[in-house]
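Peer 1: Here it is, the structure in full.
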Amino acid sequence: MSEKTQKETPIIIKMLNEPRPIPRRVPDYMRKKGGAWYWTGAMVMVAFLYEVITGLVILMYYQPSQAYTSTENFVNSVPFGSLILTTHLYGAYMMIVLVYVHLLRNLFVAAYKKPRMMQWLTGVLLLALTVGIGFFGYSMSGDVLSADATDVGTGIARGIPFIGNYLSLIFFGDGTPISLFHRMLGWHIVLAAGIGILFLGHFIMAEYNSIMPSHREANYKAPAIDEEKPEYKPWYPHNLLYMLEIGMLTLAAILIITSVVAALGSAVPALFSPFPQVSPSSPLAQNVPAYPPWFLLFVYKAVDFSFMAGPGPFYATLIFAGIPVMYLLLLPYLDRSPSLKLTDRPITFGLAILGVIFFISLSAWGALTPGVAIPTPQVLAFFLFPILTVLPLVYYLSRNYQKSGMDARHFTQLALSLSFLGLSGFGLGMLIDALVRTRNPVYYIPSVVMAMVVALLVTLVAYTIWDSKHAAERKASRPISRRMRNTLGGAFTLGAFIIVTVIQPFSATSTFQEALFGIGIGVVFLIAAANLKLYRSVVLEE
Amino acid sequence: MTEETNREILEVEDPSRRTFLKYMTVAAFAAASAGALRVTLQNIIPKSAGITGFPQLLLVDSTSGKPISTSDLKVNDSAVVSFDYPLQGEPNFLLRMGDAGGNDVKVSSVKVSIPASGSSFQSPAGVGPYGSVVASSAICEHLGCVPPIIHFYKPGTSIPNGPSASQNTGLIHCNCHGSTYDPGKGFGIVTGPTQKPLPNVALKYDKASDQYYAVSMVGPTIYGHSSDLSGGNPLPSNSQTGVSTQSA
């Protein structure tokens, strides 16, 4: 088919008229070191499947008519309820983080360029749906944080001109608590179905467009298509086993991280606690700061900006969340050049770094000073300083990168670490200034932490520069012998059996012992992944 | 290949007739979808629960059921004393205002401005033997935080992230985002980010029996409601509402 018709025919019609086999075979480098970057989408899918399964279990117990008591009952009295609910929450957090990682990775490798525009657009919509479903899920427990989140959600919905009242009725019900929790449960499930359907489309498009090949394979030009080559290995066993390995690692991460946090118990601040907080009518409720879920903290801080007080929370959301989403939706049409190189798109690159910086620092700001109004000059400084440092820096580095003789990986690493170094240095300066002037000990620990971050980043910059000069001399590490790998696999499996046996007597209704149980299962998943890796290296020689 | 065959089939026909038919089909689909959309939308928008007019409700103690008398209310009580009115889930503060020395202070009717809309309203004066008992919605008008996160601070006490002890003449402060209201001046705004004062409850005092009634709401609409009378279940009784005390 000619280049011209390819441009004119929408991808949906092409997919219907010229179907291609699913799944396609993929190049070997996707399963080598660093190949995990090609599987970030698969990790999101595993997290989503985990959410669906645990969600269906919780659905058997959740009662919208008594949201808080049924949630507390599930955590405290239903066997393994605490493990399932906490991992459902943290699995959702993990899914959101992975969605952001997937988005940034594809932004950096320019996967939004032709022919993947429609795929990118469905991806941005999936991000919005994921954050939306997260909001409803978070609000369903009926605890004080969920009550605060619902109040803010209702406020934002009502603030929408003309249709606000109707939207609030549709999403939050007729105003009675039963109706509220019933609607939220309904929307939580509707959005899960929506994500499933849209994800299927996103996935089929990804298969149709082929994987985004490495830049070298694509000759650094869009359209980057991976033409299937005869030497590609069959899907089974090579890819299936690799994907299982990735899946096991994702599950292990969800189980272990959640269970470690759960085992720490009340030492974890409310913002990251995996357990429901107190009921909103409890006298203790006033000790719980009114935090939204962490993935919405950035909007929460924007509501505090003095100039947003008049327009209200809906317009704050529109500006600080709506504009970035609009930008992402328009990105394939704004950046139309065929080049895939980061250095050829310094503005996209710089804006991506700024996006990460603003997202993280606005969230941290929201967590540290919840509800404290911020005067406009301070807001301007907050936004202008990174913009005026990062954009020129990235632009300068991009222009001079050819001369430096660095490769793309080192360049990316250097630009990223320098950007964050600049920002952390500024933050450290502010903290030390505050410490010296106020002599308030609250600034002491953040100063030390920030100094450590700065030191780490300085090391990273120095190492990147050193490494870029010595990259050629590096030699491959010696592989472990085949016999050693067999012995290791045996030992791992024995360890897994021991762990599974040891955790059996743990109580299924004690939140602490359930957390230990979760760590045990997580480690067993890790062992399964390690054994798969050993098997692949011995039998498939990968 | 398939593309070209398609095009050939389509092009044998008279092009104008083909275009006409295409638009007609699209229009028919649009009409069908509009019909289906109306069914879905009208179905999923619930009728807001509520009542048709403000009831006059006697304030009674929620545990004992006895009517609240002046002596049941402490001057500058730092506990959260609240009652639902006019619907369930619409909590209101019940305050007996006093000075730093604990003496009743008469609250007079003032003009309270609403910066959000640029309008204003006349607040109801305090009632009771000393004219010191006032009530307002306990749902913060900024983002809907409820007690105990929002509550009354005695005169002369300092407010975290709010007005200092010397500026505090007995204020309501919300710890969610720092909005402060003055119950002595019609629950008007002392500090933002709120752009609306708290909705006032008009109270009635019966001198002979020493009893208090909630009569209606004055001022902006209660937060999170399209009107004060909708967005919640009616109270269980149409003659009284329970006052509960919660230490803050």
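Peer 1: Is at least one residue of the range B:137-153 over 17 Å from the mean Cα position of the chain (by Cα), at negative phi and not in a strand (DSSP E or B)?
Peer 2: No, the range B:137-153 has no match at all.
Peer 1: Please find, within the range B:43-83, the residue that is nearest to the chain's Cα centre (by Cα) out of those that are loosely packed, with under 14 Cβ neighbours inside 10 Å and within 14 Å of another protein chain (Cβ to nearest Cβ).
Peer 2: Applying the filter and picking the extreme gives B:LYS47.
Peer 1: If I go through the range B:72-103 residue by residue, how many of them are hydroxyl-bearing (Ser, Thr, Tyr) and modelled with pLDDT under 90?
Peer 2: Total satisfying the criteria: 1.
Peer 1: Hey, any hits in the range A:531-540 for a residue that's over 20 Å from A:MET484 (Cα atoms) and under 31 Å from the mean Cα position of the chain (by Cα)?
Peer 2: No, that holds for no residue.
Peer 1: Would you please name the residue that is nearest to A:ALA110 (Cα to Cα), looking only at residues in the range A:338-380 that are more than 14 Å from chain B (Cβ to nearest Cβ) and not in a helix (DSSP H, G or I)?
Peer 2: That would be A:LEU340.
Peer 1: Quick check on A:LYS301: is it of a type in the set (Lys, Arg) and within 14 Å of another protein chain (Cβ to nearest Cβ)?
Peer 2: Yes: the conditions hold for A:LYS301.
Peer 1: For the range B:221-248, which residues satisfy the criterion of being within 13 Å of another protein chain (Cβ to nearest Cβ) and not small (Gly, Ala, Ser)?
Peer 2: Residues satisfying the conditions are B:THR221, B:ILE222, B:TYR223, B:HIS225, B:ASP228, B:LEU229, B:ASN233, B:PRO234, B:LEU235, B:THR245, B:GLN246.
Peer 1: Using the structure shown, decide if A:ALA267 is of a type in the set (Gly, Ala, Ser) and either crowded, with 17+ Cβ neighbours inside 10 Å or touching a strand residue (DSSP E or B) at 6+ places or on another chain (Cβ under 9 Å) (or both).
Peer 2: It is false that A:ALA267 is of a type in the set (Gly, Ala, Ser) and either crowded, with 17+ Cβ neighbours inside 10 Å or touching a strand residue (DSSP E or B) at 6+ places or on another chain (Cβ under 9 Å) (or both).
Peer 1: Let me ask another. Quick check on the range A:150-183: of everything there that is without any contact (Cβ under 8 Å) to a residue 60 or more places away in the chain, among the aromatic types (Phe, Trp, Tyr) and out of contact with any Phe, Trp or Tyr (no Cβ under 8 Å at 6 or more places or on another chain), which residue is nearest to the other protein chains (Cβ to nearest Cβ)?
Peer 2: A:TYR166
Peer 1: OK, next. Quick check on this structure: which one of A:LEU129, A:LEU107, A:LEU89, A:LEU85 is farther than 30 Å from A:ILE178 by Cβ and under 21 Å from the mean Cα position of the chain (by Cα)?
Peer 2: Going through A:LEU129, A:LEU107, A:LEU89, A:LEU85 in turn, just one is farther than 30 Å from A:ILE178 by Cβ and under 21 Å from the mean Cα position of the chain (by Cα): A:LEU107.
Peer 1: Further question: Could you run through the range A:120-154 and say how many residues are part of a helix (DSSP H, G or I) and among the acidic types (Asp, Glu)?
Peer 2: Adding up the residues that qualify gives 2.
Peer 1: Within the range A:428-460, restricting attention to residues that are at pLDDT 75 or above and of a type in the set (S, T, N, Q), which residue is farthest from A:ALA367 (Cα to Cα)?
Peer 2: Per the criteria, the residue is A:THR459.
Peer 1: Restricting the search to the range A:109-119, which residues are in a helix (DSSP H, G or I) and surrounded by 21 or more Cβ atoms within 10 Å (Cβ to Cβ)?
Peer 2: A:GLN119
Peer 1: Could you list, in sequence order, the residues of the range A:312-337 that are part of a loop (DSSP other than H, G, I, E, B) and modelled with pLDDT of 90 or more?
Peer 2: Selection gives A:ASP335 alone.
Peer 1: Also: Conditions first: (1) away from chain B (no Cβ under 14 Å); (2) modelled with pLDDT under 95. A:LEU127 passes all but one, so which condition is the exception?
Peer 2: Only one criterion is unmet by A:LEU127, namely (2).
Peer 1: Any residue at all in the range B:153-171 that is within 28 Å of B:ILE51 (Cβ to Cβ), touching a Leu at 6+ places or on another chain (Cβ under 8 Å) and surrounded by 18 or more Cβ atoms within 10 Å (Cβ to Cβ)?
Peer 2: Scanning the range B:153-171 turns up no residue that is within 28 Å of B:ILE51 (Cβ to Cβ), touching a Leu at 6+ places or on another chain (Cβ under 8 Å) and surrounded by 18 or more Cβ atoms within 10 Å (Cβ to Cβ).
Peer 1: Please indicate, with yes or no, whether at least one residue in the range A:356-377 is at pLDDT 75 or above and under 29 Å from A:HIS470 (Cβ atoms).
Peer 2: Yes, the range A:356-377 contains a residue that is at pLDDT 75 or above and under 29 Å from A:HIS470 (Cβ atoms).
Rundown of residues vs (1) over 17 Å from B:THR245 (Cα atoms); (2) of a type in the set (A, V, I, L, M); (3) out of contact with any strand residue (DSSP E or B) (no Cβ under 8 Å at 6 or more places or on another chain), yes/no style:
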residue: B:ARG38; (1), (2), (3): yes, no, yes
residue: B:ILE45; (1), (2), (3): yes, yes, yes
residue: B:ASP61; (1), (2), (3): no, no, no
residue: B:PRO67; (1), (2), (3): no, no, no
residue: B:SER82; (1), (2), (3): no, no, no
residue: B:ARG96; (1), (2), (3): no, no, no
residue: B:ASN103; (1), (2), (3): yes, no, yes
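Peer 1: Is it fair to say B:SER216 is closer than 23 Å to B:LYS185 by Cα, more than 10 Å from chain A (Cβ to nearest Cβ) and surrounded by fewer than 23 Cβ atoms within 10 Å (Cβ to Cβ)?
Peer 2: Yes: the conditions hold for B:SER216.
The values are calculated or read from the model by the stated rules, or taken from the named source; none is laboratory data. Predicted model, so just to flag it, every value in this text is computed and none were measured. Counting neighbours? That spans all protein chains shown, and the Cβs are built from the backbone with ideal geometry, glycine included.
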